[in-house]
Amino acid sequence: MIQQIKTYNKLKEFLNSSLLSHQFLLIDLSGNQIGDEGTLGLGSALAKCINLSNLTLDLSWNKIGDEGTSCLGSALINCIYLSNLTLYLRQNQIGAMGTSGLGSALAKCINLSNLTLGFSWNKIGAMGTSGLGSALAKCINLSNLTLDLGWNKIGDEGTSCLGSALINCIYLSNLTLYLRHNQIGAMGASGLGSALAMCINFSNLTLDLSSNQIGDEGTSGLGSALAKCINLSNLTLGLIGNQIGDKNTSGLGSALAKCINLSNLTLDLCSNQIGDEGTSGLGSALAKCINLSNLTLDLSQNKIGDEGTSGLGSALAKCINLSNLTLVLRQNQIGAMGASGLGSALAKCINLSNLTLDLQQKQFICFGL
């Protein structure tokens, strides 16, 4: 028998419902301005849902602070059968204390195996991230974790501490981390990578470090660490706007080539400082990913010309198992020669069944009289 999901969009309706009967709940109160007071009332009701196993709760845009967040966590401790939790708290007023308090409470939910936490656009900082990480380290049965901590000024310290904590989640096989716009530098990226390399059961990893300041050094450290994740089969890596140049773009590719089980790769290097050398080097490295079947590569808004484009194509032609390719090269410096070279090379990908190609460039049209 399939259990029906009970859905509520108004706090009062949920408070008046049969709390003991709930097992699968979806509560969407986003944009309702319930504040800490409303969150306390919600928490009190959730604490009575002792048979709850699956909960999706969206409290984004609600002016919730540390007090409400901590109390919400305390309430969830009573839900002893809770195994799947999705909690969105985006764009509130949550600081380090509230984040740590919620984390400490979740650590007591011993049956939790699937967890999604959305904390973007709050005031968590390094201290809150460290506290959250320390708490999650005690969630030893977690197998799937998604954390969105974007726009929270967590910095190098918070990023490294988060990584170190995740090492303790020994059953973790699927991890998604959104850490964009967080003032993360080379040290934080390298520290996170080194920690993730010790999570030996990873098979699926999504890591978004876009719009930080990791630079060449951080990219090198991150790549070296990912090379040790030998069980990775699916990787999504977002490094938009990180001041990455040619040398370490090639190095990143060489590192990924050591992930011998990698079959699905999405790599977003948009808005960096990558030229022909880095593009050709990246392609040559990816050609060594012999099990790669699905590739999405975004190199838009870099400094790539004809030589790099042709070199990339020639390299990808050697990916004999490639069946699905999305290649975004818009807003570079690619002319007719580069486009033709790329096309000729991709025509040799005999197993390619699906191709998406974006070569939109800045066009200069001259009209003769």
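Coordinate-derived values only; no laboratory data. None of these values were measured; they are calculated from a predicted model. Using ideal geometry, Cβ is built from the backbone for each residue, glycine included, and neighbour counts are taken over all protein chains shown.
General observations
- On the basis of the beta-carbon distance and an R0 of 51 Å, LYS12 and LYS288 show a calculated FRET efficiency of 0.30.
- Counting neighbouring Cβ atoms within 10 Å and putting the fewest first, the residues LEU252, LEU316 line up as LEU316, LEU252.
- Electrostatic bookkeeping for ARG90 treats Lys and Arg as +1 and Asp and Glu as -1; over the other residues with beta carbon under 10 Å from its beta carbon, the sum is -2.
- For the stretch 184-362, a Kirkwood radius taken over Cα pairs fed into Stokes-Einstein (10 °C, viscosity 1.306 mPa s) yields D = 100 µm²/s.
- Computed about the Cα centre, the dipole magnitude for the stretch 1-125 is approximately 120 debye when only Lys and Arg (+1) and Asp and Glu (-1) carry charge, each at its Cβ.
- Remark on the chain: hydrodynamic radius 21.9 angstrom, per the Kirkwood mean of 1/r across alpha carbon pairs.
- Note on THR176 and ASN321: the extension gain reaches 49.6 nm, defined as 0.36 nm multiplied by sequence separation minus the Cα-Cα distance.
- Net charge over other residues, Cβ less than 10 angstrom from the Cβ of GLY150 (K, R count +1; D, E count -1): 0
- Cβ-to-Cβ counts within 10 Å put SER104, SER210, SER160 in ascending order as SER104, SER210, SER160, the fewest first.
- In this simple spin-label model, placing a label point 7 Å from the Cα along the Cα-to-Cβ direction at both GLN33 and THR236 gives a separation of 3.4 nm.
- Approximate spin-label separation GLN360-GLN4, in nm, with each point projected 7 Å along Cα-to-Cβ: 4.6 nm
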